[in-house]
Amino acid sequence: QLGPETGLTVVTINGVGFMGQKTAATPTGFKNTVTRCKFGEKESSTTTTGVTTPVRFITDSSISCVAPPQPAFDERGCGDAPRPACMRVQVSLNGLDSDFTLPEMGSVYTYHRQPELTGAPQPSAGPTTGGTVITLTGKGFAPSGLLRCRFYVGNYQNDTVAVYLSATQVSCPVPRVPDEQLVDIAISLNSQDFSPYILPKLFKYFPAPKVFSAAPAGGPAESVGVAFVKGEGFLDTQHVKCRVGTVISVGIYINSTYIKCLIPQAQPKVYSTSVLSLGVITPEILPDDFVAQSVQSQPLEVSLDGQIFSSSKIAYTYYISPEVKVIAPSQGAKTAAAVVAVL
């Protein structure tokens, strides 16, 4: 239902009563009939489109017409200013000007200016396994069920479904690629006509990172901690994250083989009545988004794009913090060493 002002979009028109028979003798699909299409006042013809057969019969309920070029904005348009050029599609089955369908019976076809992509995608890097959802910024985006992103991977193209966020932002998942590389990105509002305003080599694919070990490999469940993760393929992407179990936390890039991970608290702090009665400790108030995890080994993984995590299955083990109840003796001379029993 929409296409660029440059025209040449192949538009399928659905209806009833279309005449024609697709045979070897009539390769255009029409027999004993001259079917014509108009977009507003401009006809889809060889003269206006440069296409030899701009109108084709498909079935008795559908035909295809090549949209002729038309300006994208028109004071007679159908939206808010600046108004998009919204044209009613009309059809004539016998070739006569007088027998075109009434404008009010036709579907609306909208002409648009090609959207432009500006700036780097966010995030601007992801693993070769694909799946990273990127946000593209630009102008001229419009809501459409046919919104697509195109990734130019080597000598071929790979399209993914995009989601409209606003007139200046869309999001889409990146496809899987065979190896590390930089790719161009383009966008289409109708999945057919891709904008010439592309992002050249602004998304980087990298090999999926691997995790070998963590130090320390465990810590108390009732408090946050820090672990230094050793692995390979780490990059400073500004989107580094860690995940312990199901909880995602802050990751800090150190170098290509080390990332510093903030270990999230897994269990609430529990104090005995006798400790609380001293008045020096207040009960812990956890944030609303706190997620409790079992006191056991949890997988520790890292992500360089903040979304797709490694799958190395290295364990970080939570344990219940030890509790000191008695020390004996509980006092001694400050000038001498002493052995103290801790229970």
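The values are calculated or read from the model by the stated rules, or taken from the named source; none is laboratory data. The structure presented is a predicted model; accordingly, all values stated were derived computationally and were not measured. When we count neighbours, we look across all protein chains shown, and the Cβ atoms used for this are built from the backbone with ideal geometry, even at glycine. Surface accessibility is based on the protein's heavy atoms, side chains included, excluding ligands, DNA and RNA. Shrake-Rupley method; radii C 1.70, N 1.55, O 1.52, S 1.80 Å.
Both radii come from the Cα set of region 85-124: Rg as radius of gyration, Rh as Kirkwood radius; their ratio Rg/Rh reads 1.39. Inter-part distance, region 212-289 to region 104-152, computed on C-alpha centroids, equals 37 Å. For region 289-301, 3J(HN,Hα) computed residue by residue from phi via the Karplus equation (6.51, -1.76, 1.60; θ = phi - 60°) reads 8, 5, 10, 6, 10, 5, 7, 6, 6, 10, x, 10, 10 Hz, glycine and proline entered as x.
Amide H contacts of T317: G218, G219, Q298, each under 5 Å away and 5 or more positions distant or on a separate chain (H built 1.01 Å from N in the peptide plane; Pro and chain starts excluded). Solvent-accessible surface (1.4 Å probe) assigned to Y318 amounts to roughly 10 Å².
Measuring r between the beta carbons of N14 and N158 and using R0 = 35 Å, the FRET efficiency lands at 0.75. When Rg and the Kirkwood radius Rh are both evaluated on Cα atoms of region 92-226, their ratio Rg/Rh stands at 1.24. Shape analysis of the chain based on the Cα gyration tensor places the equivalent ellipsoid semi-axes at 66, 21, 17 Å, largest first. Scalar couplings 3J(HN,Hα) for region 234-247, obtained by applying the Karplus form with A = 6.51, B = -1.76, C = 1.60 to θ = phi - 60°, are 6, 10, 8, 9, 6, 10, 5, 9, 10, 9, 10, x, 10, 9 Hz; x denotes Gly and Pro. Entry note, the chain: the mean residue ellipticity at 222 nm calculated from DSSP H runs of n ≥ 4, each adding -39500 (n - 2.57), is -500 deg cm²/dmol after division by the residues and rounding to the nearest 500.
Give me the number: length gained by fully extending S311 to S249, i.e. 0.36 nm times residue separation minus the C-alpha to C-alpha distance, one decimal in nm.
On the way: separation 62, 0.36 × 62 = 22.32 nm, distance 1.64 nm.
Answer, rounded to one decimal: 20.7 nm.
Averaged per residue, the chain has 55 square angstrom of accessible surface, using a 1.4 angstrom probe with ligands and nucleic acids left out.
Roughly how many percent of the accessible protein surface of the chain is carbon and sulfur, given a 1.4 Å probe and a whole-percent answer? For the chain, the apolar C and S fraction of the accessible surface comes to 56 percent. Annotation: amide H-H contacts under 5 Å for I134 (H modelled 1.01 Å from N, sequence separation of 5 or more, or interchain): C172, V174.
Scanning residues 5 or more positions from G225 or on other chains, those with amide H under 5 Å from its amide H are I263, with H placed 1.01 Å from N in the peptide plane. A dipole drawn for region 182-289 from +1 and -1 charges on Cβ atoms has a positive end, and of C261, G231, V280 the residue lying farthest that way is G231. Rounded to the nearest 10 square angstrom, Y152 shows an accessible area of 70 square angstrom against a 1.4 Å probe. A 1.4 Å probe over all protein chains sorts M87, M105 by accessible area into M105, M87, starting with the largest. Distances between every pair of Cα atoms in region 202-307, grouped in 5 Å steps from 0 to the bin holding the largest one, split as 2, 12, 21, 19, 15, 11, 8, 5, 4, 2, 1, 0, 0 percent. Cross-link pairs exceeding 31 Å between alpha carbons, from the set K204/K260; K139/K204; K260/K325; K269/K334; K38/K139; K204/K230: K260/K325; K269/K334. Computed from backbone phi, the HN-Hα couplings of region 55-68 come to 10, 10, 7, 10, 9, 6, 10, 7, 9, 10, 9, 8, 5, x Hz, rounded to whole numbers (Karplus: 6.51 cos²θ - 1.76 cosθ + 1.60, θ = phi - 60°; Gly and Pro given as x). Solvent-accessible area of D305, all protein chains in place: 10 Å² (probe radius 1.4 Å, heavy atoms, ligands and nucleic acids excluded).
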